[in-house]
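The values are calculated or read from the model by the stated rules, or taken from the named source; none is laboratory data. Just so we're clear, the structure is a prediction, and the values are computed from it rather than from any experiment. Note that we place each Cβ from the backbone using ideal geometry, even for glycine, and neighbour counts take in every protein chain shown. Note: accessible area is taken over every heavy atom of the protein model, side chains too, but ligands, DNA and RNA are not part of it. Shrake-Rupley method; radii C 1.70, N 1.55, O 1.52, S 1.80 Å.
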Amino acid sequence: MNLGYKKYKPFQPISFPERTWPEKTITKAPVWCSVDLRDGNQALVNPMNLEQKLEFFQMLCDIGFKEIEVGFPSASETEYEILRALIDQNRIPEDVTIQVLVQAREHLIRKTFEAIDGAKNVIVHFYNSTSTLQRKVVFNTDMQGVIDIAVEGAKLIRQLTEEITANSDINIRYEYSPESFSGTEMENAVLICDRVLEELGATRSNPVIINLPNTVEMSTPNTYADQIEYCCKNMRHRDSAIISLHPHNDRGTATAATELGIMAGADRVEGTLFGNGERTGNSDIMNLAMNMYSQGVDPELDFSSMNQIRELCERCTQLKVHPRHPYAGELVFTAFSGSHQDAINKGVNYMQREKSPYWEVPYLPIDPADLGRQYEPIIRINSQSGKGGAAFVMHQSFGYVLPKAMHPEFGKLVKKACDQAGREISPQEVFAIFQREYLDVKTPYELLSYKIFEEDGGQGQVIVDFEGSIRHGEETRAVSGKGNGPIDAFFNALHNIGLDHYDFVSYSEHAISTGANSKAVSYIQLEHQGETLFGVGVDSNISIASIKGILCAINRNLSAK
């Protein structure tokens, strides 16, 4: 047995019996801050160039972000360049605040203040690492040592703010992160945050953002929520702080950690689109926002053009969005399973029939149209697909509403084609099967001419007469019959030429186009010696469409024999 797992220390939950977050729900959106241009960009194999960053920034503004971290301007000329381009080219909307990140080190802080000169609204975000492991392994210092670093950084930032605002109308806000917060003893995390708030002069009317990052995700999401609520309840200056989350995804639970953190009292969330970021990534703001949307909560971000957002992100980051990524992936609204397809089909029909004000479609948590997604790819056909899937494709892609009784027969034909092809088949291929099996069936009997008229049957009754000619092989035969309607009259005409072993069961019909060139489709169900038969007819005249459907069913039966 591999005993390598024994070298890892299990995380220790904090003792916090007064927690209240498990009883909470999310009822409003937090303040969102995109860190795509900083945290996301620094995780790329090939970082974005200036043009890509500017395009990405504009997209973030269009989505509705009001706080955007644009970089680490003291770290490199490239990072400095994007900030200056945004400021000098007047690309920052009046209601958008840019955020810059800097370590709590004097020369880097001074360089950062040089970089923000001329901006209107800026968050200066500074940090230093506070975790037990970092203090022991990296800094070789105690907790007081890291507190001193944070306090000295706060003093300098406040001093430089006073200097720059004396000569300009720049609006500067502060943000502090005890980096590796989730690996820090909670009493120490509270202590350092309170000291920074005091040094920055935070007040209820002028609060400071306290960002509590899950820098490396080390525990289950409930522990992170406990840590957040612990800080909210134990910070002396909680009313002067905006509590922010910055979860990473090392354990694959960043979305859950963020949602529980909001329930635990956080006011703000930092993350990226599609979760791009270092190692396994950041918390996915799109995922979080659409989760809220699906629960009837306004996320205050607009993802109604999801395909375009995904395309721009993929182009700028050179990272593909996984096809099963929540909400945005190419296949997330696609069902191959037969039972799923059947439930989706019934759900769509239910909503159309009942005109429900709520979205009630099984297996689709939200309406794809809300994201600018189309219905065509929701159900795709392969060997796992069922009868409802083929019917759904015929309805959504081509306007044919097959009666439920016909679904098993057509589904079986489509499944056979998938098995033979050994792959998924396209909607066009599904329609080709329908055309071949129903619409193109012209032998052995073909209707050549027809005339339908009514006559008075006395006592208020109307009799319908059918007269026409039918080709059978090389022979053309005249046929006629009377009945209480066009279908009954045609059936009696067939009986007169020996086709008297077919019983009419049911039919349904609908229009398949609109306007002057509209046509009707009729679905016919017959019975012959205990066997159920289906036929389909299409014509501009609904009566003739039904007559063609009857002949189609008979022809399919005779051809099969």
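If I fit a long axis through the Cα atoms of helix 306-317 and take the longest principal axis of the Cα atoms of the chain, what angle between them do I get, 0 to 90°, rounded to 10?
The two axes meet at around 50 degrees.
Gain in length, residue 459 to residue 279, computed as 0.36 nm per residue apart minus the alpha-carbon separation, to one decimal in nm?
Working: separation 180, 0.36 × 180 = 64.80 nm, distance 8.63 nm.
Working it through step by step, the gained length comes to 56.2 nm.
Using Cα pairs under 8 angstrom and six or more residues apart, how large is the relative contact order of segment 449-561, in percent?
In percent, rounded to a whole number, it is 15.
Place a point 7 Å from the Cα of residue 58 along the Cα-to-Cβ direction; which residues of segment 70-100 have their backbone N under 16 Å from it?
Backbone N within reach: 85-94.
Setting aside same-chain residues fewer than 8 positions from residue 28, which lysines have a Cα under 18 Å from its Cα?
66
Tell me, what is the 1.4 Å probe accessible area of residue 482, in Å² to the nearest 10?
Near enough 110 Å² of accessible area.
Could you state the accessible area per residue of segment 107-194 in Å², with a 1.4 Å probe and every protein chain left in place? Working shown, then result.
Numbers: 3750 Å² over 88 residues.
Roughly 43 Å² per residue, with all protein chains present.
Can you give me the angle between helix 186-200 and the longest principal axis of the chain, using Cα atoms only, in degrees from 0 to 90, rounded to the nearest 10?
70
Among the aspartates and glutamates, which have Cα under 12 Å from the Cα of residue 53 when same-chain residues fewer than 8 positions away are ignored?
Within the straight-line cut-off, residue 53 pairs with 36, 69, 79, 81.
If I compute solvent accessible area with a 1.4 Å probe over the protein chains, what percent of it on segment 443-544 is carbon and sulfur?
Working: 2460 of 5720 Å².
On segment 443-544, the fraction of accessible area on carbon and sulfur atoms equals 43 percent.
Obtain the nm distance between the two label points defined at residue 163 and residue 25 by a simple spin-label model: each point lies 7 Å from its Cα along the Cα-to-C-beta direction.
5.2
Quick one: which of 451/482; 404/442; 416/519; 412/442 span more than 19 angstrom between C-alpha atoms?
The answer is 404/442; 416/519; 412/442.
Using a 1.4 Å probe over the heavy atoms of the protein chains, calculate the carbon and sulfur portion of the accessible area of segment 240-373 as a whole percent. Display every interim value, and only then the final one.
On the way: 2730 of 5540 Å².
Carbon and sulfur together cover 49 percent of it.
In the chain, what percentage of the DSSP-assigned beta bridges are antiparallel, given to the nearest 5?
Looking only at bridges with both residues in the chain, the antiparallel portion is about 50 percent.
Could you work out how much longer the chain between residue 45 and residue 350 gets when fully extended? Use 0.36 nm per residue separation minus the Cα distance between them, nm to one decimal.
105.0 nm
Can you tell me, using C-alpha contacts under 8 Å and at least 6 residues apart, the relative contact order of segment 311-461 as a whole percent?
Relative contact order for segment 311-461 comes out at 18 percent.
Please report the accessible area of residue 279 (heavy atoms, 1.4 Å probe, ligands and nucleic acids excluded) in Å², nearest 10.
For residue 279, solvent-accessible area is about 130 Å².
Does anything in segment 526-561 have its amide N under 20 Å from the 7 Å Cα→Cβ label point of residue 442, and if so which residues?
535-541, 544-560, by backbone N distance to the label point.
Counting other Cβ atoms within 10 Å of each Cβ, which GluC sites (Glu not before Pro) in segment 45-118 have at most 12 and sit in a DSSP loop?
When the GluC sites (Glu not before Pro) of segment 45-118 are filtered for loop state and at most 12 Cβ neighbours within 10 Å, 94 remain.
Could you report segment 423-480's accessible area per residue, 1.4 Å probe, as an integer in Å²?
That works out to 63 Å² per residue.
Any chance you could give the angle, 0 to 90 degrees and rounded to 10, that helix 387-398 forms with the longest Cα principal axis of the chain?
Between helix and principal axis, roughly 90 degrees.
What lysines sit close enough to residue 6 to cross-link, taking a C-alpha to C-alpha distance under 23 Å and skipping anything fewer than 8 places away on the same chain?
136
How high is the FRET efficiency from residue 405 to residue 367, r the C-beta distance, R0 22 Å, rounded to 0.05?
0.15
Calculate, in nm to one decimal, what residue 205 and residue 480 gain on full extension: separation in residues at 0.36 nm each, minus their alpha carbon distance.
Roughly 89.9 nm would be gained on extension.
What percent does the relative contact order of the chain come to when contacts are Cα pairs within less than 8 Å and at least six residues apart?
9
At 1.4 Å probe size, with no ligands or nucleic acids counted, give the accessible surface of residue 547 in Å², nearest ten.
Here the residue's solvent-accessible area equals roughly 0 Å².
Using alpha-carbon positions, what is the distance between the centroids of segment 244-321 and segment 426-445, in Å?
The distance from the Cα centre of segment 244-321 to that of segment 426-445 comes to 46 Å.
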